[in-house]
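Worksheet: the structure to be examined is printed underneath.
What follows draws every value from the coordinates through simple rules; no lab data is involved. Note that this is a predicted model, so its numbers are computed, not measured. When we count neighbours, we look across all protein chains shown, and the Cβ atoms used for this are built from the backbone with ideal geometry, even at glycine.
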Amino acid sequence: MFGPGSRARQEAAGSRSSYGRMEDGAGELDLLTDREADFIAARDSFYMASVSEDGWPYVQHRGGPGGFLRRIGGNRIGFADYRGNRQYLSAAYLAADDRVSLFLMDYPNRRRLKLIGHAYGSEDPADIAALMTPGYAAEPERAFLIDVVGFDWNCPQHITPRFTEAEVARETRPLLDELARLRARVAELEGHHS
């Protein structure tokens, strides 16, 4: 992921040697392992950046049920592209320049994974069927397939933990159940004293 400009700045800042060691093992660092595949499949959303025909970056949020984005073999990941607002920005931009960057967040655990790769849309029914999420009612238009060429795990610094409503409910359910038991017990005791 380091270009000549970032390498020059790393050199000037004195951090180039540590980042250079990362690049020396690039063959190993660019192969998706089960760790990355599991992290990717656990996400219910991600951000995908592409480049317009005019050279402007475009970032789009993609969401769906957990596991809608997943590894489908080796370094290829994909997701079913469901009918939406019909702007077709990503589809058009990828037809002109297939390079993408994905940003996947795990806010509760303060982890993030950045991926870069070459993406393309497929209207092949087999590709679409392979990426559909069972039980999800939306109808896909195409599959997006991404051949990952690099990735980077980032440190947790400055990631503010955020939780979904379901995660908060799951964690607070035992406390709310206990509160309900205590209230019922208090009401019972107050009833005996009346």
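Ala96 to His192: extension gain in nm, 0.36 nm per residue of separation minus the Cα-Cα distance?
Additional length available on full extension: 26.8 nm.
Does segment 26-169 classify as rounded, prolate or oblate by the C-alpha gyration tensor (a ≥ b ≥ c root eigenvalues; a/c under 1.5 gives rounded; else a/b over b/c gives prolate, otherwise oblate)?
Because its axes are fairly even, with a/c under 1.5, segment 26-169 counts as rounded.
Just His158, His118, His61 to compare: in a GNM of the chain, with alpha carbon springs under 10 Å, which one fluctuates most?
Most flexible of the set in this elastic network: His158.
Could you work out how far apart the two model spin labels at Gln157 and Tyr107 are, taking each label as a point 7 Å from the Cα in the direction of the beta carbon, and quote it in nm?
Here the answer is 2.3 nm between the modelled labels.
Calculate the dipole size of the chain relative to its Cα centre from +1 charges on Lys and Arg beta carbons and -1 charges on Asp and Glu beta carbons; express the result in debye to the nearest 20.
Here the size comes out at about 560 debye.
How far apart, in nm, are the 7 Å Cα→Cβ label points at Val59 and Arg173?
About 3.4 nm separates the two model spin labels.
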